[in-house]
Every structure is written in C-alpha cells, then in structure tokens.
Amino acid sequence: MKGNNYPKVAIIILNWNGLKDTIECLESLKKITYPNYEVILVDNGSSGNDADVLNEKYKGYIKLLRNKENLGFAGGCNIAIREVIKERKSDYILLLNNDTVVEPDFLERLIDIGEGDKSIGILGPKIYFYKIPDTIQCFGSKINFWFGRTLGIGSGKKDGSKYQKNINVDSVSVAILIKKNVIQDVGLFDEKFFLYWEEADWCTRARKRNWKIVAVSASHVYHKGQSSVPNPVFWYFITKNHRLFMKKHAHFYQLLTFYPVYFFTFLVRIMRLVKARSFKCILFLIKGALE
C-alpha cells in the first residue's frame, strides 16, 4: 500500500446454519496480510448453536451480531452495515460469503486499486471454484437488460492471460468491497429482494450514480457455491426477484424483450421439475412468478 496508508475495512460475514464453512472462511481470513480490518459475524437466526460456537472459538477476533430470525442476505447484511456506518471507523465494507476461502493478499490487492481511483465505488476479486482452483467461477458479471441475463465473465474457463487485467463490470458478487461513501450515496441493500439479485441491484444502483465497478485480477477468492437454501425457497426467490430486478432497472423496450424470455424460461423450468417429480419446487416457482 502506497505510503503505508491502510484504510480500515469492516469485513461482514453472514452465517445461517453454515458453521463448518464459516470456520474455514474465518481461518483463511486470519492469514491475510492486510493489517487494518475488523470482522463482523452476523448469525442470521441459525437453528443450532452456531453463534455460541463461533463466539467462543473466535472471541477477540470477531464481533458477533445475533439476529433472532433469518432476515435474508439483504436484511442480515444491512444490520451489520448500519452498525459500521454508525461507528464511523471504517472506510470500506467487505461483504464476504461464508462459503469462501481467501488468498492472504486478496484484500490488499483490492484496496490498492480502490485507493488509486476515486471514481471506483465497488470492487470484487477473481472468483475461482473451490474444488477446481485453476478454473474461474466468475470474474465479475455483465448484465444484458434486453434478455434479463447476467453473464459471469470467464465462468468455467481456465485462468490465463485473457483474465490478467482489471476490468470494468456491471456487477460483482461473493466478495463485494464497497467504499463507505458509496453506501451513503446509493443506500443499503434493498430488502425486498431478501435473497438473490440483491447484489446485482446494489451494483446497478451504484452505476446509475456513476460509480465504477471493477473486477481485480490479482485478488483471488475460492467459492464453494453450495447453497444452504432449501430448493423450493431457491425457486421462489430466484423467480420472483429476477422479475423484480428487471421491473426496477430495465426501460420499457427492454421489458418487451425480457418478458417472452422470462416466461419461456419459466416453462422450461416447470418441465424439468415435472420430469424430476419435484412438485413442491413447482409450487414455489409458480408462487414466485405470480407475486
């Protein structure tokens, strides 16, 4: 870091019945080279004793916040973000999925780029598959508003020379580093999303306020991507929030092309779930499409 200037970073991790993953994530965080950070662990209404175990094991390393119920990803993170902003001690906030493992220098790489350009509001690392660590899961995403599609850059590709430069993207996920003043400008997560599409919404709102979003090639994180969300709940929120996101951000003519694609995708999913005899998932998918 230039001039040994290390802005303080508040790292927020949300845990919901994911004790094993959260412990592995925290163990990797304890090895990072960046010196000025704090870890805020939000237990989002876990059904077991996750919060007690984590509090005992990482006493003095984490600040534990306990939610009595599951507030979703958006609501759970907002609890911690409000706390950070209220304390006025941190310059950056990093939202890190609990099912990740980080490289020791990942945060320093992100901060170095963020500090070098005041127009950058949000940054994200290069995300690799946890079980295939030489293969990219996502290097930021581009959003096609005509069809309502997000394209994960480099997804499924072996890392190579093509992905060695920092790039401007439409959104980042899994590990989102955002400047505090950007949050003060665009606001918190929209809790109507509860789960899924909330990160794309946040990034889109930032871009509308002319903040750049950058994926940083030299910053590396490994993501398991194994959802702790029951399948019917997944189908409900992914269907509902996809449409909510598009209604919120797409213009009229883009919606004209989006809705045929949306309903075609809906029918394909129904057929696949019928074939798999996942009738409860079908009910939740239909519910998500109608709400």
Original post:
Looking only at E87, E27, E69, which one moves most when the chain is put into a Gaussian network model with springs between Cα atoms under 10 Å?
Top reply: E87
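So what is the relative contact order for the chain, in percent, with contacts set as C-alpha pairs under 8 Å and at least six apart?
19 percent
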**OP:** Give K20/K208; K126/K248; K68/K126; K212/K247; K126/K247; K68/K224 a once-over and call out the pairs whose C-alpha atoms are over 32 Å from each other.
**Re:** K20/K208; K68/K126
**OP:** For a footprinting-style exposure proxy, rank R82, R66, R205 by other Cβ within 10 Å, fewest first.
**Re:** R82, R66, R205
Subject >> Crossing angle, helix 198-208 versus the chain [Cα axis fit, 0-90 degrees, rounded to tens] >> reply: 80 degrees
Original post:
Given charges of +1 on the Cβ of Lys and Arg and -1 on the Cβ of Asp and Glu, with all other atoms neutral, how large is the dipole of the chain about its Cα centre, in debye to the nearest 20?
Top reply: 900 debye
Original post:
[x] 18.9, 61; [y] 20.9, 70; [z] 21.0, 66: which one is Rg and Dmax of the Cα atoms in Å as calculated from this entry?
Top reply: [x]
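Test of understanding: ordering V186, V233 by Cβ neighbours within 10 Å, fewest first, what list do you get?
Working: V186 19, V233 16.
Listed from fewest to most nearby Cβ atoms, that is V233, V186.
How would you rank V174, V42, V274, going from fewest to most other Cβ atoms within 10 Å of each one's own Cβ?
Ordered from fewest to most neighbouring Cβ atoms within 10 Å, V174, V42, V274 come out as V274, V174, V42.
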Original post:
Based on DSSP H runs of at least 4 residues, each adding -39500 (n - 2.57), what is the mean residue ellipticity at 222 nm of the chain after dividing by all its residues, to the nearest 500 deg cm²/dmol?
Top reply: -13000 deg cm²/dmol
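Throughout, read-outs are computed from the coordinates displayed, never taken from laboratory work. What you see is a predicted model, and the numbers here were worked out from it, not measured in a lab. Neighbour counts are summed over all protein chains in view; Cβ atoms, including those assigned to glycine, are modelled from backbone coordinates with ideal geometry.
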